[in-house]
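Step one of this worksheet: look at the structure below.
The values are calculated or read from the model by the stated rules, or taken from the named source; none is laboratory data. What you see is a predicted model, and the numbers here were worked out from it, not measured in a lab. Every residue, glycine among them, receives a Cβ derived from its backbone with ideal geometry; neighbour counts consider all protein chains shown.
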Amino acid sequence: MSPAAPKGAEHVGQAGAGTVPRHVAIIMDGNGRWAEKRGLPRVAGHRAGAEAVRRAMQAAVDHGVEVLTLYAFSSENWRRSDEEIADLTGLMRFYLDRELDRLMKEGVRLRLIGDHSAFGQDLVERLEAAVARTANNNRLTLVVALNYGSRSEIAEAARRLAVKAAAGELDPGQLDETSLAAELQTHGLPELDLLIRTSGEVRLSNFLLWQAAYAELLFLDMLWPDFDETAFADAMERFASRQRRFGGR
Ligand code: FPP
């Protein structure tokens with residue numbers, strides 16, 4: 001383990017050659033451009049993107065990944081048109097209705113990060129019911145980031161620690177990385193090993209800034225709706241080969 005790694009966080013980089021990442025996160029970018037290239041409305045790109053979500057989830061299960069975290073809706077996405085927001089939330093509702101049985105069959109536990117309470121009551125209820133129904137599944141944890149922003153997550157963690165310190169429950173002198181990580185919404189999940197972004201953009205866009213500290217970063221030129229089993233397997237291979245180089249030094 002590297003000296004600065006948070007306590008208790010096993011980083012997979014040290015586990016040896018050919019390792020499967022325990023925790024993979026994806027910034028699913030390029031739905032709009034995929035649709036535009038075909039002369040289709042943006043919603044068609046999001047629909048195709050939802051199919052890619054299904055493939056990525058299945059591939060993660062098949063490869064033995066423990067956690068797959070997907071950036072489905074950022075806190076900045078509220079700036080999009082009302083129509084596009086309605087399309088995206090409608091699609092999530094549809095996806096949940098259609099895919100819940102599959103999540104159960106494949107042993108997938110759903111967990112949410114971000115503030116999903118900002119969405120309509122109907123979607124909130126469906127999301128929470130899906131989280132409750134899948135709570136005992138243990139093959140893959142699918143973390144969906146909804147109305148998520150990393151800086152606000154970190155600020156909120158700091159605020160909670162300050163409240164505890166003010167209440168005398170915590171000695172500020174003892175505050176360290178482990179105490180802050182324990183207040184993040186990703187608490188209890190394995191360290192992020194691999195972060196993928198599609199569409200050729202080379203940015204983190206306020207996603208998992210703290211968690212990505214030791215992650216391998218993979219920026220792919222393909223648009224999200226084109227991401228498939230082969231792309232996932234290729235990402236796994238590239239991760240393993242980077243780890244091998246790391247271990248050989
Ligand atoms: C980025 O493409 C994608 C999104 C903002 C949303 C991701 C949503 C889905 C894949 C569909 C539903 C989600 C789930 C979990 C079922 P973009 O619109 O920013 O593409 P662009 O940059 O080419 O315009």
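If you check E99, E128 for being within 13 Å of the ligand (Cβ to nearest atom) and of a type in the set (D, E), only one passes: E99.
Here's the yes/no breakdown for (1) crowded, with 22+ Cβ neighbours inside 10 Å; (2) within 15 Å of the ligand (Cβ to nearest atom); (3) under 26 Å from G149 (Cα atoms); (4) under 17 Å from the mean Cα position of the chain (by Cα):
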residue	(1), (2), (3), (4)
M28	yes, yes, yes, yes
G39	no, yes, no, no
D62	no, no, no, no
G90	no, yes, yes, no
R93	no, yes, yes, no
K105	no, no, no, no
R111	no, yes, yes, yes
D115	no, no, yes, yes
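Annotation: V12 fulfils all but one of (1) β-branched (V, I, T); (2) at pLDDT below 95; (3) out of contact with any Asp or Glu (no Cβ under 6 Å at 6 or more places or on another chain); the unmet one is (3).
Residues are listed down the side, and each one gets a yes or a no for (1) touching a residue at least 60 places away in the same chain (Cβ under 8 Å); (2) more than 18 Å from S150 (Cβ to Cβ); (3) within 16 Å of the ligand (Cβ to nearest atom):
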site	(1), (2), (3)
P172	no, yes, no
L175	no, yes, no
A181	yes, no, no
H187	no, no, no
L194	yes, no, no
W210	yes, no, no
Y214	yes, no, no
L223	yes, yes, yes
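I'm trying to understand the selection: among the residues of region 162-182, which are closer than 19 Å to V67 by Cα and either among the acidic types (D, E) or not in a helix (DSSP H, G or I) (or both)? Once the filter is applied, which keeps residues that are closer than 19 Å to V67 by Cα and either among the acidic types (D, E) or not in a helix (DSSP H, G or I) (or both), region 162-182 yields only A182. The set of residues in region 208-231 being assigned to a helix (DSSP H, G or I) and within 15 Å of the chain's Cα centre (by Cα) consists of Q211, A212, A213, W224. In this structure, is L70 of a type in the set (A, V, I, L, M), farther than 26 Å from R22 by Cβ, near the ligand (Cβ under 10 Å from one of its atoms) and touching a helix residue (DSSP H, G or I) at 6+ places or on another chain (Cβ under 9 Å)? So L70 does not fit the description; no. Based on what the data block shows, is R159 surrounded by fewer than 19 Cβ atoms within 10 Å (Cβ to Cβ) and part of a helix (DSSP H, G or I)? For R159, the condition - surrounded by fewer than 19 Cβ atoms within 10 Å (Cβ to Cβ) and part of a helix (DSSP H, G or I) - is met. Here A165 passes the criteria (1) more than 21 Å from the chain's Cα centre (by Cα); (2) exposed (fewer than 14 other Cβ atoms within 10 Å of the Cβ) except the one numbered (2). Within region 170-211, the set of residues being under 29 Å from R238 (Cα atoms) and of a type in the set (A, V, I, L, M) comprises A181, L184, L189, L192, L194, L195, I196, V202, L204, L208, L209. The set of residues from region 220-249 being hydroxyl-bearing (S, T, Y) and either at pLDDT below 95 or surrounded by 13 or more Cβ atoms within 10 Å (Cβ to Cβ) (or both) comprises just one member, S241. Screening the candidates V143, V131 for the property of being buried (at least 20 other Cβ atoms within 10 Å of the Cβ), touching a Leu at 6+ places or on another chain (Cβ under 9 Å), within 20 Å of Y95 (Cα to Cα) and not acidic (D, E) yields one hit, V143. Only residues that are without any contact (Cβ under 8 Å) to a residue 60 or more places away in the chain and either within 8 Å of the ligand (Cβ to nearest atom) or under 23 Å from S150 (Cα atoms) (or both) were counted across region 41-52, and they come to 4.
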